[in-house]
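One structure is given here, and the rest of the page talks about it.
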Amino acid sequence: TPAILWLRRDLRRHDHPALGAATAAAGRAGVLPVFVIDPTLWEGCGPVRRRWLADTLRVTSALYDDKLAIRVGDPRDVLPALAAETGAGSVHVTRETTPFGARRDAEVAERLRSAGVDFTATGTPYAIGPGIVRTQGGTPFQVFTPFSRAWRDHGRPAPAQDPKPTLHDAGSHPHADELLSAATEFELAEPLPDAGEPGALARWSDFLERLDDYDTDRDRPDLDGTSRLSPYLKLGAIHPRTLLADLAGRQGPGAEKFETELAWREFYADVLHHHPRSAWHDLRDGLAVLAYDDPGEQVDAWRAGRTGFPIVDAGMRQLARTGWMAGRVRMITASFLTKDLHVWWPVGARHFLDHLIDGDLASNNHGWQWVAGTGTDAAPYFRVFNPITQGIRFDPDGAYVRRWVPELAHLPGRAAHEPWKHDDGYDHGYPEPIVDHAAERREALARYDAAKRSP
Ligand code: FAD
């Protein structure tokens, strides 16, 4: 009987264990690749991520010989109906590891099995599946560094062989075309990257040429020093296993650092697996009584990139214009919201998830918690980024600020970070700082101290 390959965060053709499993199960009966648009998730996604997903699906369909069926509805209903309609004997997936995805899959599996259809999960979107790396005592890791050591020692799974399945088109839902076309009409100010597996592989081979500089350039938003693979990793257009295999023969601080960054992604997925509540609640309860301000006009200014702090505004505008933001600047903008505006991190995490094409619950929300001091890090809650010195340090020539904040484009070099020091600093409509950083830093520390002392 044919096998259904239900694609989700694995929108690629190579190094795809679930495709291998589906091919083996189906034999000559063939594989039916399908993607299900769940209206609840689709609506919750925001137009930028819908566009990125639609672009990726279009490219992925071509990779599957234009046989990718797109259905619309609740997967709990769609998959059993599709299996009945096509006579498929099994449904194959890459195991989903988010709290929502894991719960949904369990329900889909149960319904399928009660109809006599197998449900098989092979692999995960991670090199080592969440929940597998553990301390010697068998408990989950709480802190990154020992996790990353154990993760490295765990050994690398080899990339999967590419099977040669016979593919069949199960037919798309008429509504799918409408949804995808509408999503594709949404335009950002700057074009999105080339979507899908070919875009990811091109990006990766280009980055490998620059790998040796990664260690030194990665924190510099003015240089294109990072891989920008996060939007591809998010949808599984490329798998970390593939990346690690390509890194295996390479030595040096660039390769090592890059591997560590991939380990962060795996760590946060592991944390979410063990602590599903940490998606939207403080992981550590030590700061539960911290006093927060309600989001108001200052948060609107933060969202719009009009805080009067050049590096913060450059980051927020890069996000709005491109759907992506440089990693270091994510920390600075997140610190500004939580420590200078005293707003609880989920407010910012929601905004990021709505606008980032790499928006990922585990990496984003734990990244926010790391900055807020509520997360996995034993890190000092009293770490407050200074947006001015951070800007000067990581964008030393001001090029990043000038690129994204046209009202500061007339200021040369590092002057772009300090318009208040120049007579013509505000000549082109740039706003003055909405807060006094030194005062807000003291306020943040006072609130943290009070929270710590509270019984
Ligand atoms: P590179 O430097 O080339 O790193 C390679 C890969 O390693 C990345 O693609 C990513 O998969 C992983 N990685 C690197 N740094 C981290 C990190 N700190 N945590 C987890 N994984 C990491 N990453 C997302 O993928 N999605 C998000 O929604 C997201 N939100 C974030 C929010 C905040 C507040 C912070 C501080 C970080 C967030 N990150 C997120 C992590 C990191 O900033 C991005 O993964 C990285 O900037 C993506 O750019 P890149 O692919 O060029 O990274």
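Ranking of 447, 383 by neighbouring Cβ atoms within 10 Å, starting from the fewest: 383, 447. Counting only lysines at least 8 places from residue 67 when in the same chain, those with an alpha carbon closer than 19 Å to its own are 164.
Compute the signed sum of charges (Lys and Arg +1, Asp and Glu -1) over the other residues within less than 11 Å, Cβ to Cβ, of residue 240. Spelling it out: positives minus negatives among the neighbours equals -2.
In order along the range 172-189, phi translates into HN-Hα couplings of 8, 6, x, 5, 4, 4, 4, 4, 5, 5, 4, 5, 6, 6, 5, 10, 8, 5 Hz, rounded to whole numbers, per the Karplus curve 6.51 cos²θ - 1.76 cosθ + 1.60 with θ = phi - 60° and x for Gly and Pro.
About the centre of its Cα atoms, the chain shows a dipole size close to 1260 debye [charges on the beta carbon of Lys, Arg (+1) and Asp, Glu (-1) only; nearest 20 debye].
Only one residue of 376, 334, 387 has its Cα farthest out toward the positive end of the dipole of the range 283-410, where Lys and Arg carry +1 and Asp and Glu -1 on Cβ, and that residue is 387.
Exposure proxy ranking for 79, 188, based on other Cβ atoms within 10 angstrom of each Cβ and starting from the fewest, stands as 188, 79. For the range 3-124, treating each Cα as an identical point scatterer without solvent, what Debye log10 I(q)/I(0) comes out at q = 0.17, 0.19, 0.22 1/Å? Treating every Cα as an identical point scatterer, log10 I(q)/I(0) equals -0.85, -1.08, -1.47. Computed packing ranks the peptides 191-200, 437-446, 362-371, 42-51 as 362-371, 191-200, 42-51, 437-446, most packed first, by mean other Cβ atoms within 10 Å. Along the axis of the charge dipole computed for the range 3-124 (Cβ charges of +1 for Lys and Arg, -1 for Asp and Glu, origin at the Cα centre), the listed residues 119, 57, 70 are led at the positive end by 57.
Across the chain, the convex hull enclosing all Cα atoms gives 149 Å³ per residue. Counting neighbouring Cβ atoms within 10 Å and putting the fewest first, the residues 72, 401, 312 line up as 72, 401, 312. Entry note, the chain: the mean residue ellipticity at 222 nm calculated from DSSP H runs of n ≥ 4, each adding -39500 (n - 2.57), is -15000 deg cm²/dmol after division by the residues and rounding to the nearest 500.
What you get for the range 88-198, charging only the Cβ of Lys and Arg (+1) and of Asp and Glu (-1), is a dipole of about 980 debye around the Cα centre.
The gain in end-to-end length when the residue 66 to residue 41 segment is fully stretched comes to 6.6 nm, 0.36 nm per residue minus the alpha carbon separation.
Values quoted throughout were computed directly from the atomic coordinates according to the rules given, and no laboratory measurement underlies them. Please read all numbers here as calculations on a predicted model, not as lab measurements. With ideal geometry, Cβ positions are generated from the backbone for all residues, glycine too; neighbour counts draw on all protein chains shown.
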